[in-house]
Amino acid sequence: AIDDAEPYPIEGVHTIQPGTLTSLRKRPAPQVLTTGTRATDFAFRLPGEGRLIVVTGYPSSGKTTWTRFAMVHTAIAHERRWAVFSPESQPWEAFAAQCAETYIGRPFYRDRDMPAMNEAEVERAEKWLCNRIVMLACDAEDQTPTLDWVIEKAKLAILRFGCTDVLIDPWNEIIQVRGDQTETDYVGASLQRLKALGYRHGVNVWIVAHPAKPAALKAGEVRPAPGPYDIAGSAHWANKSDLGLTIAGSLDAGVEVHLWKSRFRRWGQRGAIARLDLDTVTGRYRSQGQPINDGVGNVAEPPEKQSFEQGGYNW
């Protein structure tokens with residue numbers, strides 16, 4: 001009995017045993033997700049196995065718009081389900097309406113010369129959204145959206161609705177309960193908790209994080225796109241993220257998506273840049289040079305999985 005006894009397991013300590021790697025090889029390879037446009041697919045792919053994804057960019061660069069575009073795309077093409085904490089979108093139904101615009105390809109309300117989506121299109125978008133997006137709203141008078149609150153609600157959404165992605169947009173709307181921690185220590189510990197949430201449940205955790213206020217430009221200078229060390233709060237944004245993206249540019253010159261962190265080469269090579277154009281009415285992106293969106297809603301439900309882009313490109 002003594003000779004055959006197995007050592008008592010120690011929590012958090014794992015050893016490699018015969019069959020460990022054989023068992024790993026029998027599992028499916030880590031999933032890699034497309035991004036919705038040719039340009040971004042050439043630059044990088046999205047992880048699908050539960051990773052920390054950080055998106056940054058200066059105000060009005062389109063961080064939320066691009067992330068919402070990626071959300072709608074992955075929900076259509078890869079059947080992902082999202083839990084969204086977006087307190088800047090009030091009421092929360094407004095965020096769902098913007099997702100409907102990207103899905104249908106028409107504005108929710110009439111915009112410029114483009115008519116609003118009709119009742120049938122609203123119902124179609126509503127039916128599609130109800131199984132794919134869950135909104136987390138801290139709207140009680142006696143509650144504040146702390147990280148504990150967000151993680152608790154995210155866990156419930158994962159367990160009840162099968163959510164595969166959790167979006168926090170933006171990070172600075174979470175109330176920081178730091179105690180005697182510095183901001184750097186708090187951010188590091190918080191990101192580690194969110195990574196553990198993603199790893200334990202196999203869900204991607206997306207965070208939209210603002211850069212710190214940049215220094216004033218001198219005459220003739222051009223402001224470079226912000227990187228991970230420009231994000232307010234801590235260098236841990238660079239250290240702990242698995243995939244890091246910057247949304248930069250303008251509507252006149254086009255939008256750029258910069259890849260500044262890719263923990264595994266299957267997602268892309270650091271330094272890659274994708275150049276896009278944006279349809280500001282519907283929130284749809286297209287590779288530069290692609291035809292302008294026709295506004296009639298060419299996104300179909302699976303199994304067709306048509307592309308936002310014209311020209312027969314399929315996801």
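The values are calculated or read from the model by the stated rules, or taken from the named source; none is laboratory data. What you are looking at is a predicted structure, and each value in this text was computed from that prediction instead of being measured. Cβ placement follows ideal geometry from the backbone for every residue including glycine, while neighbour counts extend to all protein chains displayed. The area values use the complete protein model at the heavy-atom level, side chains included, leaving out ligands, DNA and RNA. Shrake-Rupley method; radii C 1.70, N 1.55, O 1.52, S 1.80 Å.
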> Within the range 187-225, how many residues are open to solvent by less than 40 Å² (accessible area, probe 1.4 Å), part of a helix (DSSP H, G or I) and not small (Gly, Ala, Ser)?
Replying inline: 4
> Quick one: would you say Ala39 is touching a residue at least 12 places away in the same chain (Cβ under 8 Å), part of a helix (DSSP H, G or I), in contact with a Leu (Cβ under 7 Å, 6 or more places away or on another chain) and surrounded by 13 or more Cβ atoms within 10 Å (Cβ to Cβ)?
Replying inline: yes
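Could you count how many residues in the range 141-168 are among the aliphatic types (A, V, I, L, M), within 18 Å of the chain's Cα centre (by Cα) and part of a helix (DSSP H, G or I)? Explain how you work it out, then say what you get.
Filtering the range 141-168 down to residues among the aliphatic types (A, V, I, L, M) leaves 147, 150-151, 154, 156-159, 166-168.
Checking the rest, the ones that are also within 18 Å of the chain's Cα centre (by Cα) come to 147, 150-151, 154, 157-158, 166-168.
Retained after the next criterion (residues that are part of a helix (DSSP H, G or I)): 147, 150-151, 154, 157-158.
Going through the range 141-168 one residue at a time, the tally reaches 6.
Determine if the range 256-264 includes at least one residue that is modelled with pLDDT of 90 or more and surrounded by fewer than 18 Cβ atoms within 10 Å (Cβ to Cβ).
Within the range 256-264, the first condition is being modelled with pLDDT of 90 or more, and the residues that meet it are 256-264.
Filter once more, keeping what is surrounded by fewer than 18 Cβ atoms within 10 Å (Cβ to Cβ): 263-264.
Yes, because at least one residue in the range 256-264 is modelled with pLDDT of 90 or more and surrounded by fewer than 18 Cβ atoms within 10 Å (Cβ to Cβ).
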>> Can you pull out every residue in the range 98-125 that is open to solvent by 20 Å² or more (accessible area, probe 1.4 Å) and in a helix (DSSP H, G or I)?
In response: Gln98, Glu101, Glu119, Ala120, Glu121, Val122, Glu123, Arg124
> Does Val177 meet the test of being surrounded by 15 or more Cβ atoms within 10 Å (Cβ to Cβ) and either polar (S, T, N, Q) or in a loop (DSSP other than H, G, I, E, B) (or both)?
Replying inline: no
>> Please go through (1) in a loop (DSSP other than H, G, I, E, B); (2) open to solvent by 20 Å² or more (accessible area, probe 1.4 Å); (3) out of contact with any Pro (no Cβ under 9 Å at 6 or more places or on another chain) for Gly50 and return the number of the only condition it doesn't satisfy.
In response: (2)
